[in-house]
Amino acid sequence: MKPSLFTLAVLLAVPPPALPAAEPAPVEFTVKPETVMKHDDGKFLWFHPRAAAIPGRGEAGPAVVMTIQKHLKVSDYYSGLHVMMRPSLTAAWTGPVLPPELDWRPQPDGVTISVADVTPGWHAPTGKLLAIGCQVRYSPKGKQLDDVKRAHQTVYAVFDPKTERWTPWQVLEMPPGDEFDFARNACSQWLVRPDGRLLVPLYIGRNSKEPFSVTVAECRFDGAKLSYVRRGNVLRLNVVRGLCEPSLVAFRGRYYLTLRNDLRGYVSVSDDGLHFPEQQPWLFDDGAELGSYNTQQHWLAHSDGLFLVYTRRGANNDHIVRHRAPLFMAQVDPATLRVLRRTEKVVVPERGAEMGNFGACAISETESWVTVSEGMFMKDSRQRGAEGATFVARVLKAKPNKLARLTANHVSD
């Protein structure tokens, strides 16, 4: 039977099925590993190294500041914040030194106030470097306390490259309400918008015992004081400890948020950096789970591609606590929010130590860094080759990173 003219018209009006979106083109990179220092005396380990570039202060490139702390052999017990400096990308490191402004603050009742989980970053509009982390209260034996209201808050210090001086730690004052009684930016990448405002991801809650939620705070910075302006919506997950240690990046006009949970990592994307849809689990492009859990993930953004740095299961690493080594880096499809398995590379190899507390940042147009120290917490760490080393994995791209050129600040990290 011949189709009627009406049937033909309907068939012609039906659009052809949409073609699947093309995967982003792979961005080639190589990794140049460097060992900054080694320390394994049984008394402390260097931990939480994170770097930031200071544009125009180095010789033919940026100077680099790296913040780092002593892990004092008790879980999550850290010294004051130490600083290392590299006057150029070819110069030797100086430090670590402990500026008095960044040291412990002993209290009359025996409590020690300190900071932890710090991420430094450049604020181009004011020409200052901000170090943002969380305030902690320690008992005499190094236990983190939740003994007073708002014990766990976000804190910051400011470094002026012209005077080479730090300010003392200050608390980011949050609005009233018990939802901010616990409000931490910790092990988290924050960014600077083109207008100079900061977007600071926080994990929040009424206390340290209930599952945490995540929001992003918009803040203003005048070169001395960081002030809360407003927050976006709240992402929640009532699974074990909830969502924590969020990291944020800007890429091609959108904002990408990665989140830690005890069972798996999650991701979400936003048009304004404040309002995010419900998070989804991190997956490879073949649909398999990424396998990153109970550990932070961080971003590296290049003008030609978006990357995630992470740890995961399934890498012959069952002997590592929480599978926190090696450190992988892979490209992310910004449309599907999936990790492209074929682009995955090891950026810091596993040597018997855990490496879950790391940093990732853009340094120049030609390179980004992944920074990490070896956590010597397993009985056989030394036998497997770990030395308590602090590493810089210099990620070198074949093409210049236009994001670094355009911003010279923390927006592309």
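Points to keep in mind about this one:
- Computed helical MRE - 222 nm, the chain, DSSP H runs ≥ 4 contributing -39500 (n - 2.57), nearest 500: -1000 deg cm²/dmol
- Each peptide among 262-273, 387-398, 93-104 gets the average number of other Cβ atoms lying within 10 Å of its residues, and from highest to lowest they stand as 387-398, 262-273, 93-104.
- With a cut-off of 12 Å on the backbone N, the residues of the stretch 342-379 near the modelled label site 7 Å out from Arg322 along Cα-Cβ are 354-358.
- Peptide ranges 200-206, 29-35 listed from the most packed, as the mean C-beta count within 10 angstrom indicates: 200-206, 29-35
- The Cβ shell under 11 Å around Met66 holds other residues with a net charge of +2, Lys and Arg each +1, Asp and Glu each -1.
- Prolate/oblate/rounded call for the stretch 236-327, Cα gyration tensor, a/c under 1.5 rounded: oblate
- Compared with the direct C-alpha span, the chain from Lys32 to Thr163 gains 43.9 nm at full extension, assuming 0.36 nm per residue.
- Estimated distance in nm for a label pair at Arg236 and Lys379, the labels positioned 7 Å out from Cα along Cα-to-Cβ: 4.4 nm
- Centroid-to-centroid, using Cα positions, the stretch 319-338 and the stretch 255-290 are 12 Å apart.
- FRET efficiency for Thr90 and Lys225, using Cβ-Cβ distance with R0 set to 41 Å, rounded to 0.05: 0.70
- Converting phi to 3J(HN,Hα) with the Karplus coefficients 6.51, -1.76 and 1.60 and the offset θ = phi - 60°, the stretch 216-224 yields 10, 9, 8, 10, 10, 9, 9, x, 9 Hz in sequence order, with x at every glycine or proline.
- Proximal lysines relative to Lys32, as straight alpha-carbon distance under 23 Å, when same-chain residues fewer than 8 apart are discounted: Lys345, Lys397, Lys399, Lys402
- Sequence-separation-based contact order of the stretch 146-217, relative, with Cα cut under 8 Å and 6+ spacing, percent: 26 percent
- For the chain: relative contact order, % (alpha-carbon pairs under 8 angstrom, 6 or more apart): 15 percent
- Taking the inverse of the mean reciprocal distance over all distinct Cα pairs, the Kirkwood hydrodynamic radius of the stretch 162-208 comes to 13.0 Å.
The numbers here are math on the coordinates, done by the rules we state, and not lab data. Quantities reported herein were computed from a predicted structural model and do not represent experimental measurements. Here Cβ is always computed from backbone atoms with ideal geometry, including for glycine, and neighbour counts include all displayed protein chains.
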